[in-house]
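Enquirer: Quick one: this structure, given as structure tokens, is what I'll be asking you about.
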Amino acid sequence: MEPKKVNGKWGYNFSYQGKRYRKQGFATKKEAQARIQKIITDVAHGVDSSSNESLFDYYERWVDTYKLNIVSDKSYNRFISTLKKMEDYFPPNMRLKDLDQDQYQSFINHYAEGLTKNSVLKMHQQVRACLEDAVYNGLIPRNPTYRAKVWGTVAPKKEEYKYMQLQQYVDTKEYFRNKRAKSALLLFISHVTGGRFSEVNTIKYEYFDFENNKLFLNGTKTEASPRTITLASNDMAHIKHEIEAMELDQQEYIFNIAYRTANDMFSRAREYLGIDKEITINALRHTHCSYLYNHGVSIHYISKRLGHKSIRITLDVYNHIFEETYENDESNALNILNTMPNDIS
């Protein structure tokens with residue numbers, strides 16, 4: 001397995017474990033020896049060292065296999081966006097098995113210069129999951145995303161822009177209630193359920209239980225996302241009336257509209273009600289949580305209603321809300337403890 005020099009370049013040509021490996025063109029003997037050693041190590045770990053599959057081809061195939069028609073269109077487009085970023089950064093002939101930790105960290109560092117840490121983290125999580133499957137399938141010996149340092153230079157959206165004022169939240173509900181349009185009804189349902197845009201946009205008529213005021217949301221993010229939510233009777237009555245009045249499709253998806261269409265309606269509401277332009281549709285979901293919590297609804301219930309996998313996720317995402325009531329909660333706790341009777345028998 002010793003490398004040989006031919007026409008001024010080093011290379012190898014040998015058989016190992018039933019396969020032949022050939023490659024010429026190394027500048028030094030040391031480089032050729034390192035490649036031979038890598039082949040032997042890979043084979044020992046069950047890795048197919050003869051595979052020359054492109055990094056981009058494997059990622060695209062993985063996304064189409066495990067994400068297409070499974071995750072929401074918005075999530076799928078994020079995976080494709082990550083693919084384009086890899087294609088822009090790495091050389092066009094980049095092979096899956098050649099990506100190492102240093103190269104991957106450089107890729108993360110490159111995009112960290114123009115993104116928030118959260119955006120870089122999402123990109124990293126996508127690539128990491130893909131390459132973890134590549135390890136499992138014996139295409140690479142180890143995951144080069146291991147221990148990658150994720151960071152970003154763009155400041156995240158300010159906490160106050162994730163929420164509306166509670167009165168604005170009430171006013172937007174009435175605004176959407178009084179508009180006759182599919183986008184207005186979609187936003188109304190988002191408002192009264194706290195559902196994600198993608199969940200509400202893919203509602204089918206069969207998901208409604210009008211008699212019991214219940215609506216099934218077929219979640220798009222975690223196994224905890226699919227859930228049945230109870231609505232206020234007057235809200236459900238309005239939804240039923242609008243579906244019938246607009247003669248919306250009762251066979252397939254009721255809405256299935258572009259995000260841009262819904263955002264145009266939300267922008268008109270925002271302008272009419274004097275809501276900050278930084279506020280997005282997602283604020284309906286966040287403020288739904290805030291509104292319920294400020295009116296005494298438990299975190300456990302809110303977590304289930306929002307479709308979170310665990311209460312810990314709810315606490316992490318909405319920590320800002322819970323911190324706001326800390327002083328009042330502490331005062332109530334001390335009052336309870338101070339008035340505890342000596343004898344409760």
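Enquirer: How big is the gap, in Å, between the Cα center of the stretch 88-131 and the Cα center of the stretch 238-272?
Expert: Centre-to-centre distance over Cα atoms comes out at 38 Å.
Enquirer: Karplus couplings for the stretch 272-277 from phi (6.51 cos²θ - 1.76 cosθ + 1.60, θ = phi - 60°), rounded to Hz, Gly and Pro as x?
Expert: Values per residue, Gly and Pro as x: 5, 9, x, 8, 3, 5 Hz.
Enquirer: Can you tell me the dipole magnitude for the stretch 160-329 around its Cα centre, using point charges on the Cβ only (Lys, Arg +1; Asp, Glu -1), in Debye to the nearest 20? Don't skip to the end; give the middle numbers.
Expert: On the way: 21 positive and 23 negative charges, 59 e Å.
For this selection, approximately 280 debye.
Enquirer: What distance in nm separates the two pseudo spin-label positions at Ser54 and Asn109, each 7 Å out from Cα along the beta-carbon direction?
Expert: Taking the simple label geometry, Ser54 and Asn109 are separated by 2.7 nm.
Enquirer: Express in nm, to one decimal, how much length is gained between Thr280 and Lys74 on full extension, taking 0.36 nm for each residue of separation and deducting their alpha carbon distance.
Expert: Values: separation 206, 0.36 × 206 = 74.16 nm, distance 1.54 nm.
Fully extending the segment from Thr280 to Lys74 adds 72.6 nm.
Enquirer: Which value at 222 nm does the chain reach when only helices count, each DSSP H run of 4 or more adding -39,500 (n - 2.57), with the total divided by all residues and rounded to the nearest 500 deg cm²/dmol? Mind showing how you got there, number by number?
Expert: On the way: 15 runs with 180 residues, N = 345.
It comes out at -16000 deg cm²/dmol, rounded to the nearest 500.
Enquirer: So, one more: Based on the Cα gyration tensor of the stretch 160-329, what are the three equivalent ellipsoid semi-axes, each the root of five times an eigenvalue, rounded to whole Å and given largest first? All intermediate terms of the calculation are to be shown ahead of the outcome.
Expert: On the way: eigenvalues 125, 77, 40 Å².
For the stretch 160-329, the semi-axes come out at 25, 20, 14 Å.
Enquirer: For labels at Thr28 and Tyr146 in the simple 7 Å Cα→Cβ model, what's the distance in nm?
Expert: For the pair Thr28/Tyr146, the computed spacing is 2.6 nm.
Enquirer: Still on this structure, I have one more. Please give the FRET efficiency for His300 paired with Arg20, using the beta carbon to beta carbon distance and R0 = 56 Å, rounded to the nearest 0.05.
Expert: 0.35
Enquirer: Going by amide H atoms built from the backbone, whose H comes under 5 Å of the H on Asn213, apart from near neighbours?
Expert: Counting only residues 5 or more places away or on other chains, the set is empty.
Enquirer: Just to verify a number: FRET efficiency for Asn212 and Ala155, C-beta to C-beta distance, R0 = 56 Å, to 0.05? Display every interim value, and only then the final one.
Expert: Working: r = 45 Å, r/R0 = 0.81.
It comes out at approximately 0.80.
Enquirer: Then there's this: Find how much the distance from Tyr89 to Lys309 grows on full extension, using 0.36 nm per residue of separation minus their present alpha carbon separation; answer in nm with one decimal. Mind showing how you got there, number by number?
Expert: Numbers: separation 220, 0.36 × 220 = 79.20 nm, distance 3.46 nm.
Extra length available between Tyr89 and Lys309 comes to 75.7 nm.
Enquirer: What is the dipole size for the chain, taken about its Cα centre, with +1 at each Lys and Arg Cβ and -1 at each Asp and Glu Cβ, in debye to the nearest 20? Write down the numbers at each step before the final one.
Expert: On the way: 48 positive and 43 negative charges, 410 e Å.
Here the chain has a charge dipole of around 1960 debye.
Enquirer: What pairs from Lys182/Lys204; Lys122/Lys182; Lys84/Lys309; Lys214/Lys240 go past 22 Å between their alpha carbons?
Expert: Checking Cα-Cα distances, Lys122/Lys182; Lys84/Lys309 exceed 22 Å.
Enquirer: Please check: in the Gaussian network model of the chain (C-alpha springs, under 10 Å), which one of Pro91, Pro144, Pro226 has the largest mean-square fluctuation.
Expert: Among Pro91, Pro144, Pro226, the largest mean-square fluctuation in the Gaussian network model of the chain belongs to Pro91.
Enquirer: Return the Cα extents of the stretch 1-160 along principal axes one, two and three, sorted largest first, each rounded to a whole Å.
Expert: 65, 32, 24
Enquirer: Which three semi-axes in whole Å describe the equivalent ellipsoid of the chain, each the square root of 5 times a Cα gyration tensor eigenvalue, listed largest first? Don't skip to the answer; put the middle values down first.
Expert: Values: eigenvalues 540, 132, 75 Å².
Taking √(5λ) for each eigenvalue gives 52, 26, 19 Å, largest first.
Enquirer: If you don't mind, there's one more thing I want to ask. Taking the inverse of the average 1/r across all pairs of different Cα atoms in the stretch 204-267, what Kirkwood radius in Å do you get?
Expert: Values: mean 1/r = 0.0757 Å⁻¹.
Taking every pair of different Cα atoms in the stretch 204-267, averaging 1/r and inverting gives 13.2 Å.
Enquirer: Right, something else. Using +1 at the Cβ of each Lys and Arg and -1 at the Cβ of each Asp and Glu in the stretch 160-329, identify which of Ile321, Gly219, Ile243 lies farthest towards the dipole's positive end.
Expert: Gly219
Enquirer: On to the next question. Using the Cα gyration tensor of the stretch 102-144, with a ≥ b ≥ c the square roots of its eigenvalues, what is the shape: rounded (a/c below 1.5), prolate (a/b larger than b/c) or oblate (neither)? Walk me through the intermediate numbers first.
Expert: Numbers: a/c = 4.81, a/b = 2.00, b/c = 2.40.
It is oblate, given that a/c is not under 1.5 and a/b is not larger than b/c.
Enquirer: Follow-up. Take Leu248 and Tyr66, extend 7 Å from each Cα along the Cα→Cβ direction, and tell me the distance between the two endpoints in nm.
Expert: Reported label-point gap for Leu248 and Tyr66 is 3.4 nm.
Laboratory data are not the source of any read-out in this text; all were calculated from the coordinates shown. All values reported here derive from a predicted model rather than from experimental measurement. Note that we place each Cβ from the backbone using ideal geometry, even for glycine, and neighbour counts take in every protein chain shown.
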